[in-house]
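Taken together, the values in this text are just the output of simple stated rules run on the coordinates, not laboratory data. Keep in mind it's a predicted model, so treat the numbers as computed, not measured. So basically every Cβ, Gly included, is an ideal-geometry build from the backbone, and we count neighbours across all protein chains shown.
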Amino acid sequence: MARRRLRAGKSDAAATPALLGVAGANLSHASAIRTIDLIAQPLAILDGKQRISFPNFAFCRSFGVPRDEIIGRPLSAIGDRRLDTSRVHDFLDLIRVHGTVVEDYEIEVEIAPLGSRVLLLSGRPIDATVSKETLVAIDDITERRRAEMALIAAKWRSDRASLGKSRILAAASHDLRQPLQTLNLMRGVLAKKIKDKEGLQLIRQLNKTSEVMLGMLDTLLEINQLEAGIVNPQEVEFPINSLLVSIESAEDWTTGTRR
């Protein structure tokens, strides 16, 4: 018989603690059984010997086994003994021996043909019945765990890329500033030697170009610091005209436009 993936809707998974408290409610045992059978999450009632006395429809569907083949069998024997692990036995012992309510007890099992699955087991003793019964809920969180691991891996890659970019920019800052500083010194020497009007105009434009280059480098480093969270942006008002004029001047020189 085909085996189907364990599933539980968000509302069912979130309601597990309430479901496990059904024994404490003012419901008859028969009413509780009918209620449990309507729940979309896999649930099973175990008797005093930890054999399944009632599996709900979702439990039977998830393990691909008819109800009459499950009743009377140990939980660990279901589905080719796929739940026959030390973790499952420890989970049941916590409930049986200590009478403990156990929630979100994580196990990992191999379920053919689905492979490795991560399950959360929750359970509690049912005191309202004559025999010592236990209500067990199963939630398959495999896809959730995979999504969490994918997010962790993506963040690690992002952090690593950001660190690499920061190192490159730090090195670029040092390597680029050195020739720019040298260029500024040479420009100062050159300005003292040139006397004609056209040459001085070129020197002044060279000064502006050098300032633009330094400004671009500073902006690049500031953007990197913003992305790395080193500095926090603050909104302020400032006169934008001078910025636009400097951009226009730089563009005019690049394109050869004269005004």
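Given H placed 1.01 Å from N in the peptide plane, which residues other than close sequence neighbours of K132 have an amide H under 5 Å from its amide H?
Amide H to amide H, under 5 Å and 5 or more residues apart or across chains, K132 pairs with G48.
Taking K and R as +1 and D and E as -1, what net charge do the other residues with C-beta under 13 Å from the C-beta of E103 add up to?
Once positives and negatives cancel, what remains is -2.
Please report the net charge: other residues with Cβ closer than 14 Å to the Cβ of R177, K and R +1, D and E -1.
In short, -3.
Which distance in nm do the two modelled labels at K195 and I71 give, with both placed 7 Å along the Cα-to-Cβ direction?
Going from the K195 label point to the I71 one covers 11.6 nm.
Show me, bin by bin at 10 Å from 0, the whole-percent P(r) of the range 51-160 based on Cα pairs.
12, 41, 29, 11, 5, 1
Taking θ = phi - 60°, what integer Hz values does the Karplus form 6.51 cos²θ - 1.76 cosθ + 1.60 yield along the range 182-193, in sequence order, with x for Gly and Pro?
Karplus values, whole Hz, x for Gly and Pro: 4, 4, 5, 5, 5, 5, x, 5, 5, 4, 6, 8.
If amide hydrogens are placed 1.01 Å from N in the peptide plane, which non-local residues have theirs closer than 5 Å to the one on S53?
I45, L46, D47, G72
Run down the lysines and flag those whose C-alpha is under 29 Å from the C-alpha of K193, throwing out any fewer than 8 positions away in its chain.
Straight-line reach from K193, under 29 Å: K208.
Work out from phi, with θ = phi - 60° and the Karplus expression 6.51 cos²θ - 1.76 cosθ + 1.60, the ³J(HN,Hα) of each residue of the range 196-211, listed in order in whole Hz, and give x for Gly and Pro.
6, 5, 5, x, 5, 5, 5, 5, 5, 5, 5, 4, 4, 4, 4, 5
First select every other residue whose beta carbon is under 13 angstrom from the beta carbon of E211; then total the charges, Lys and Arg +1, Asp and Glu -1.
Around E211, the charge tally is +2.
I need the shape label for the range 148-255. Rule: rounded when a/c is under 1.5, else prolate if a/b > b/c, else oblate, with a, b, c from the alpha carbon gyration tensor.
Prolate.
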